[in-house]
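Shown next, in structure tokens, is the structure this report addresses.
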Amino acid sequence: GDAYVTHPLAVACILSEMHMDHQSLMAAMLHDVIEDTGITKTAIKTQFGNTVADLVDGVSKLNKITFSSRAEAQAENFQKMAMAMAKDLRVILVKIADRLHNMRTLDSLKVEKRRRIARQTLEIFAPIANRLGLHTWTQELEDLSFQNLYPKRYDTIRKELEKRRGNHRKVVDKTRRKVADELGKVGIESNVSGREKNLYRVYRKMQSRHIPLSELRDVFAIR
């Protein structure tokens, strides 16, 4: 029900938070134009330049990639993405930012469509974001996918982690400071951080180890 421009604006805002260049932000604003309107790549090139037109065209081509199976998605998708990245990595960044905003606004869609998009995100876009080192985006894509695929499991884990959080945070902070101090004493310059694993990764660990959340100990990590 929102104005059409809401989505491209949001995608541009996501990229601006990464301090992307002006051409990426222009491409984000225009990323659906070729696909959804009668405006051509040539028209975009005339008005906004070759680079922006190529970025928009690259995103449009990625949108047309389809896969018949998960295995095909993982094999061919990475190959095609790599080819696109070789030309300009910004095409991938615009596409992932586009998918991130799609995931944030899934509520307006029917349940079946939400589940289909969430599964595709989990199997294709989250792994690509992870490979590119976009860890914050990866975790949000994973958790939003998990929430839409398994809402009850998501809520159960979220509530349990919230109950544990207070005490664990004190332990993590104390340990983090101790590690940093000890490294400093032997002349090692470091940046020690403590973080809580995202809900989807916690769920995956429970599955792989076949244990309930109450028995899972490594919910927090120090890096």
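The values are calculated or read from the model by the stated rules, or taken from the named source; none is laboratory data. The structure presented is a predicted model; accordingly, all values stated were derived computationally and were not measured. A quick note on method: Cβ atoms are made from the backbone with ideal geometry, for glycine too, and the neighbour counts reach across all protein chains shown. Just the protein is used for accessible areas: all its heavy atoms, side chains included, with ligands, DNA and RNA removed. Shrake-Rupley method; radii C 1.70, N 1.55, O 1.52, S 1.80 Å.
Condition (residue is outside any helix (DSSP H, G or I), open to solvent by 50 Å² or more (accessible area, probe 1.4 Å) and not polar (S, T, N, Q)) applied to the stretch 110-117: is it met by at least one residue? Among the residues of the stretch 110-117, at least one is outside any helix (DSSP H, G or I), open to solvent by 50 Å² or more (accessible area, probe 1.4 Å) and not polar (S, T, N, Q), which makes the answer yes. Here MET18 meets the list (1) surrounded by fewer than 19 Cβ atoms within 10 Å (Cβ to Cβ); (2) in a helix (DSSP H, G or I) almost entirely, failing just condition (2).
Is it fair to say VAL94 is more than 18 Å from PHE125 (Cβ to Cβ), among the β-branched types (Val, Ile, Thr) and at pLDDT 90 or above? Walk me through it before giving the result.
Values: more than 18 Å from PHE125 (Cβ to Cβ): no; among the β-branched types (Val, Ile, Thr): yes; at pLDDT 90 or above: yes.
No.
In the stretch 1-23, the residues that are in contact (Cβ under 8 Å) with a residue 24 or more places away in the chain form no Cβ pair under 7 Å with any partner that is assigned to a loop (DSSP other than H, G, I, E, B) and polar (S, T, N, Q), whether six or more places apart or across chains.
Give the stretch 180-202 a look and list any residue that's over 20 Å from HIS135 (Cβ atoms) and either in contact with a helix residue (DSSP H, G or I) (Cβ under 7 Å, 6 or more places away or on another chain) or of a type outside the set (Lys, Arg) (or both), or say none. Reasoning before the result, please.
Residues of the stretch 180-202 that are over 20 Å from HIS135 (Cβ atoms), as a first pass: 180-189.
If the condition is that a residue be over 20 Å from HIS135 (Cβ atoms) and either in contact with a helix residue (DSSP H, G or I) (Cβ under 7 Å, 6 or more places away or on another chain) or of a type outside the set (Lys, Arg) (or both), then ALA180, ASP181, GLU182, LEU183, GLY184, VAL186, GLY187, ILE188, GLU189 are the ones that fit.
Annotation: PHE146 fulfils all but one of (1) part of a helix (DSSP H, G or I); (2) at pLDDT below 90; the unmet one is (2).
Here is a yes/no grid of residues against (1) part of a helix (DSSP H, G or I); (2) free of Cβ contacts under 8 Å to residues at least 60 places away in the same chain; (3) surrounded by fewer than 16 Cβ atoms within 10 Å (Cβ to Cβ):
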position	(1), (2), (3)
ARG158	yes, yes, yes
LEU161	yes, yes, no
GLU189	no, yes, yes
ARG195	no, yes, yes
GLN207	yes, yes, yes
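Just one of the listed residues (ILE34, ILE65, ILE44) is assigned to a loop (DSSP other than H, G, I, E, B) and either under 15 Å from ARG99 (Cβ atoms) or not hydroxyl-bearing (Ser, Thr, Tyr) (or both), and it is ILE65.
For the stretch 53-84, a tally of residues being under 17 Å from LEU132 (Cβ atoms) and either open to solvent by 60 Å² or more (accessible area, probe 1.4 Å) or modelled with pLDDT of 75 or more (or both) returns 8. Residues that are under 18 Å from ARG195 (Cβ atoms) and of a type in the set (A, V, I, L, M) within the stretch 145-175 comprise ILE157, LEU161, VAL171, VAL172, listed in sequence order. Of all residues in the stretch 165-184, none satisfies being touching a residue at least 24 places away in the same chain (Cβ under 8 Å) and within 28 Å of LYS95 (Cβ to Cβ). Based on this model, can you work out whether MET26 counts as in contact with a Phe, Trp or Tyr (Cβ under 7 Å, 6 or more places away or on another chain), at pLDDT 95 or above, open to solvent by 30 Å² or more (accessible area, probe 1.4 Å) and at negative phi? For MET26, the condition - in contact with a Phe, Trp or Tyr (Cβ under 7 Å, 6 or more places away or on another chain), at pLDDT 95 or above, open to solvent by 30 Å² or more (accessible area, probe 1.4 Å) and at negative phi - is met.
Determine whether THR136 is assigned to a helix (DSSP H, G or I) and either among the basic types (Lys, Arg) or open to solvent by 90 Å² or more (accessible area, probe 1.4 Å) (or both). Criteria met by THR136.
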